[in-house]
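Mind having a look at this structure? Questions to follow.
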Amino acid sequence: MDEDGDYSMDFDFNPSYGKMGYATEAGKKLITHLFCTIGAKEIYGDCDIHNENSWRLLERLGFKRIKQIDNKSYKDDLDGKPILINIYLYKIENKNN
């Protein structure tokens, strides 16, 4: 949970293990845990718009794309300048709440 009380799902998988279903399986378990055990009402996810594997994973898990955010920075380059990317923001809602 972040400082605003929102839950988000972030992932960074080793490409050597891609296309084996691990990310989908882990994502489903995390969503179930957050909704059923923690009682989250919604979960957010985001990814670089060029990372097709990531946005397809989010969509496979039931997340809906809600908007594109341009010039988002998650880290800085070696000179301390922000690395800017464009991202898709996704959300999945707990249908039981």
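Okay, helix-only estimate at 222 nm for the chain: each DSSP H run of n ≥ 4 adds -39500 (n - 2.57), divide by all residues, round to 500 deg cm²/dmol; what do you get?
Working: 2 runs with 20 residues, N = 97.
Per the formula, -6000 deg cm²/dmol.
Order of Ile85, Ile43, Ile69 from fewest to most other C-beta atoms within 10 Å?
Values: Ile85 17, Ile43 23, Ile69 13.
By the 10 Å Cβ count, ascending: Ile69, Ile85, Ile43.
Can you run phi through the Karplus equation (6.51, -1.76, 1.60; θ = phi - 60°) for segment 60-67 and list ³J(HN,Hα) in whole Hz, with x for Gly and Pro?
So the J values, rounded to whole Hz, are 5, 7, x, 6, 10, 6, 10, 5.
For segment 1-56, what class follows from the C-alpha gyration tensor (a ≥ b ≥ c being the square roots of its eigenvalues): rounded when a/c is under 1.5, otherwise prolate if a/b is larger than b/c, else oblate? All intermediate terms of the calculation are to be shown ahead of the outcome.
Working: a/c = 2.70, a/b = 1.53, b/c = 1.76.
Oblate shape, in that a/c is at least 1.5 and b/c is the bigger or equal ratio.
Starting with the fewest neighbours, write out Arg65, Arg60 ranked by other beta-carbon atoms found within 10 Å of each beta-carbon.
Details: Arg65 15, Arg60 12.
With the fewest neighbours first, Arg65, Arg60 line up as Arg60, Arg65.
If you rank Lys28, Lys95 by fewest surrounding Cβ atoms within 10 Å, what's the result?
Values: Lys28 13, Lys95 7.
So the ranking, lowest neighbour count to highest, is Lys95, Lys28.
To the nearest 20 Debye, how big is the dipole of segment 7-93 about its Cα centre, given +1 on the beta carbon of each Lys and Arg and -1 on that of each Asp and Glu?
Numbers: 13 positive and 13 negative charges, 82 e Å.
So the magnitude is around 400 debye.
Ok, one more. Suppose each label sits 7 Å from its Cα in the direction of the beta carbon; what would the Met1-Ile49 distance come out to in nanometres?
Taking the two extended label points, one gets 3.3 nm.
For Pro82, what charge total do you get from the other residues with a beta carbon under 15 Å from its beta carbon, if Lys and Arg give +1 and Asp and Glu give -1? Before the final figure, lay out each step's value.
Working: positive: Lys72, Lys75, Lys81; negative: Asp48, Asp70, Asp76, Asp77, Asp79.
Summing Lys and Arg as +1 and Asp and Glu as -1 gives -2.
So, counting K/R as plus one and D/E as minus one, what does the shell of residues with Cβ under 13 Å around Thr24 add up to?
On the way: positive: Lys19, Lys28, Lys29, Arg56, Arg60; negative: Glu25, Glu59.
Net of charged neighbours comes to +3.
With a cut-off of at most 11 other beta carbons within 10 Å, and DSSP calling the residue loop, which chymotrypsin sites (Phe, Trp or Tyr not before Pro) in segment 1-67 qualify? Please list them. Could the numbers behind the result be given before it?
On the way: sites: Tyr7, Phe11, Phe13, Tyr17, Tyr22, Phe35, Tyr44, Trp55, Phe63; in loops: Phe11, Phe13, Phe63.
Sparse-neighbourhood loop chymotrypsin sites (Phe, Trp or Tyr not before Pro): none present.
Let me ask something else. Using a 7 Å offset from Cα along Cα-Cβ at Arg56, what residues in segment 1-31 end up with backbone N under 19 Å from the label point?
The answer is 11-28, whose backbone nitrogens lie closer than 19 Å to the label point.
FYI, it's all coordinate maths here, none of it is from the lab. Keep in mind that this is a model prediction, so the values were computed, not measured. Cβ: placed from backbone, ideal geometry, glycine included. Neighbour counts: every protein chain shown.
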